[in-house]
Each structure stands twice: as C-alpha cells, then as structure tokens.
Amino acid sequence: MAKVIICGYEKCDTCRKAKRWLEEHDVDYAWRPIVEEPPTKTELSVWIPRSRVPVRKWLNTSGQSYRAIGKANVDSATDATLVKWLTEDGKLVKRPVLVTPDRVLVGFSPDAYSALLLGAE
C-alpha cells in the first residue's frame with residue numbers, strides 16, 4: 001500500500017493510539033505535526049470531500065481552541081470561515097487525520113483503519 005500521512009499532535013493520546021495501530025499493522029506512514037503544520041486551504045479543499053464528513057466534524061470540540069472561539073461563534077460561522085480557522089490553528093482540527101491517496105479519516109477508529117488500510121470489513 002502507498003505510504004499514508006498521519007497528521008497529529010504528539011501529546012494527544014488518540015494520536016499515539018493511531019500511530020501504535022499503524023506500527024502494529026506494519027503500515028508505512030509519514031508523521032506530520034498538525035500544530036506546527038496545520039492543513040492548508042488547498043489540502044482541506046481535497047481532504048474534506050474525501051473524508052465524507054462535513055467540515056464541522058473536523059473541529060476538535062473538546063479543545064481549548066474551540067472553547068476560545070465559542071460554540072455560538074462556531075455555530076454561526078460559514079464553512080469557509082471554519083476552513084480558514086482550521087488552517088490557522090492545528091489544535092482546532094480533530095485528530096488524528098489519516099490521509100491516503102483516495103480517502104481521509106478524521107479521528108481514530110481501529111475498525112475504520114482496518115477497513116481502509118487492510119481491506120477488512
């Protein structure tokens with residue numbers, strides 16, 4: 001399988017679980033620190049449709065960045081504004097983000113990783 005990219009945060013337990021899963025299943029991947037290198041607008045224009053989830057599902061709603069913006073502001077924001085915020089603050093992005101040539105997964109689910117990367121149903 002082609003190399004995948006996992007965008008995450010080293011201090012995030014879920015990101016560490018995802019990395020461990022990839023290593024245990026011998027999946028070749030490249031690590032991208034999402035705080036230092038948040039997704040670009042161009043990347044998100046491709047990744048969001050490939051994820052098959054709306055941009056609002058890309059938000060890390062339990063983090064400080066989300067709380068700083070405030071739920072009311074997020075609720076009233078356009079998708080374009082949300083994308084702009086995601087490109088400016090990697091901690092606002094729900095993580096990890098697993099990027100393959102054809103599909104993008106947001107968050108970690110062993111079942112979803114198995115289905116995508118190992119062909120398990």
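Taken together, the values in this text are just the output of simple stated rules run on the coordinates, not laboratory data. Every value quoted in this text rests on a predicted model; they were computed, and no experiment measured them. Positions of Cβ are backbone-derived with ideal geometry, glycine not excepted, and every protein chain shown enters the neighbour counts.
Provide the gained length on full extension for the span N73 to E23, in nm with one decimal, where the gain is 0.36 nm per separating residue minus the Cα-Cα distance. If you can, show how the numbers build up before the last one.
Values: separation 50, 0.36 × 50 = 18.00 nm, distance 3.88 nm.
Taking N73 through E23 to full extension adds about 14.1 nm, to one decimal.
Under the Karplus relation 6.51 cos²θ - 1.76 cosθ + 1.60, θ = phi - 60°, what is the ordered set of whole-Hz ³J(HN,Hα) values for the stretch 28-35, x standing for Gly and Pro?
So the Karplus estimates, Gly and Pro as x, are 6, 9, 10, 8, 10, x, 5, 6 Hz.
Working from Cα positions, state the angle (0 to 90°, nearest 10) between the long axis of helix 13-24 and the longest principal axis of the chain.
Compared with the principal axis, the helix lies near 20 degrees.
Roughly how tilted is helix 41-51, in degrees to the nearest 10 and between 0 and 90, from the longest Cα axis of the chain?
Taking Cα atoms only, the helix is inclined about 60 degrees.
Below 8 Å, C-alpha to C-alpha, sequence gap of six or more: please give me the relative contact order for the stretch 4-118 in percent.
Value for the stretch 4-118: 37 percent.
Just how large is the dipole of the chain about the Cα centre, in debye to the nearest 20, putting +1 at every Lys and Arg Cβ and -1 at every Asp and Glu Cβ? Walk me through the numbers before you get to the answer.
Details: 19 positive and 16 negative charges, 78 e Å.
The dipole of the chain has a size of about 380 debye.
In the set (i) 1.03; (ii) 1.96; (iii) 0.96, which value of Cα Rg over 2.2 N^0.38 Å was calculated from the structure you see?
Label of the calculated value: (i).
In the stretch 4-118, what percentage of the DSSP-assigned beta bridges are antiparallel, given to the nearest 5?
Values: 7 of 12 bridges.
The antiparallel proportion sits near 60 percent.
Please give the contour-minus-distance gain from E37 to T61: 0.36 nm per residue of separation, less the Cα-Cα distance, rounded to one decimal in nm. Walk me through the numbers before you get to the answer.
Details: separation 24, 0.36 × 24 = 8.64 nm, distance 1.96 nm.
Length gained, E37 through T61: 6.7 nm.
For helix 79-88, report the angle its Cα long axis makes with the longest principal axis of the Cα atoms of the chain; keep it between 0 and 90° and round to the nearest 10°.
Between helix and principal axis, roughly 70 degrees.
Need the full-extension length gain, S109 to R52, defined as separation in residues times 0.36 nm minus the C-alpha distance. One decimal, nm. Write out the running numbers ahead of the final one.
Values: separation 57, 0.36 × 57 = 20.52 nm, distance 1.51 nm.
Here the segment from S109 to R52 would lengthen by 19.0 nm.
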